[in-house]
Amino acid sequence: MLTEQSSHRQWAIEKIQDIIEDFEVRPILFIGSGFSQRYLDDAPNWDQLLRHMIQQCPDEYINRPFEYYNQQYSNPRIGTEIADGYAEWAWDVRETDEFPDYLYDIQNREVFLKYKVSRFFDDISPDDIEDVDKNQDELEILKEIGPHAVVTTNYDSLVETIFPDEYNLVIGEDIYDLDYTSIGEIFKIHGCLSKPQEIVLTQRDYTEFIEKKRYLTAKLLTYFAEHPVIIIGYDATDENITRILEDVDLVTSEEIDESDLIENIFHLDWSPGISDGDQVENYKIILGDDNQR
């Protein structure tokens, strides 16, 4: 971890301060699963979540390990395959309290898996910021930042626990109907544990999300253009980041020089063993079609 005296840390702090002063607005936080993993002991990445859900389903419905599905399918398709097993399980235990009654009236077999996913994230999500066992001081500092808005693909409720009162929670398709003139929104663009039906988890979910994503991106473009944007908890190659940057056409040239770099977007990255000598101020993100950032 970089020390307080780290030259790169000081460079980053000064750079962000300069951008905030230049824009005269508060930053936007774009938060991914790595953020939850830093503060919540059992928070999974995508593969870990799928592995866990496979293990939680009885063997008579899902009898192959995660590696079996991972060899054959992409992640969204793995979610679809798992959802079929959960649906069979749910209908075989219809007369028990394993799944709530209302799920059986929904015209979507995938909702049983999503319900169990929502219960898992409900179990690991803190009720209060005081319940977070790790790096709580960092969360208190983050709260003091008072971002203009938070955009996240996480299902858990950590973000809304950090900003509990003054921020309006906007989940799933509600985003498309929102007036984007207010300050203090938490946009959960892949759904939330509080609304299992709207969790983006399977191939169908991702197909529908991609179809609507350009509309969402257009709405978020104002944020990206007019605010400092701090990306936290995503790998630089994460499609949740690269697709949005690609959609808003922030990159215009394959050849990158200082004039092509987007000054107001910062990617907060942490890896074990980084030392003060490992300074990287700018790097490229591959967006597809030979576009780079």
Filtered residues of segment 193-220 (kept if over 16 Å from the mean Cα position of the chain (by Cα) and of a type in the set (S, T, Y)): T207, Y215
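Residue by residue, here is whether (1) modelled with pLDDT of 85 or more; (2) open to solvent by less than 30 Å² (accessible area, probe 1.4 Å) holds:
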residue	(1), (2)
I129	yes, yes
D179	no, no
E185	yes, yes
T207	yes, no
Is it true that E173 is modelled with pLDDT of 80 or more, more than 15 Å from the chain's Cα centre (by Cα) and not in a loop (DSSP other than H, G, I, E, B)? no
Qualifying residues in segment 47-60 (those that are outside any helix (DSSP H, G or I) and not hydrophobic (A, V, I, L, M, F, W, C)) - the one most open to solvent (accessible area, probe 1.4 Å): E60
Test of understanding: among N63, N75, N70, N108, which residue is open to solvent by 80 Å² or more (accessible area, probe 1.4 Å) and not acidic (D, E)? N63
Only one of R38, R94 is open to solvent by 70 Å² or more (accessible area, probe 1.4 Å) and touching a residue at least 40 places away in the same chain (Cβ under 8 Å). Can you tell me which? R38
Looking only at segment 51-73, which residues are touching a helix residue (DSSP H, G or I) at 6+ places or on another chain (Cβ under 8 Å) and hydroxyl-bearing (S, T, Y)? Y61, Y69, Y73
Tell me whether segment 150-164 contains one or more residues that are open to solvent by 20 Å² or more (accessible area, probe 1.4 Å) and in contact (Cβ under 8 Å) with a residue 40 or more places away in the chain. no
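The values are calculated or read from the model by the stated rules, or taken from the named source; none is laboratory data. None of the values given here were measured: they were computed from a predicted structure. Because the Cβ atoms are built from the backbone with ideal geometry, glycine has one as well, and the counts that use them run over all protein chains shown. Note: accessible area is taken over every heavy atom of the protein model, side chains too, but ligands, DNA and RNA are not part of it. Shrake-Rupley method; radii C 1.70, N 1.55, O 1.52, S 1.80 Å.
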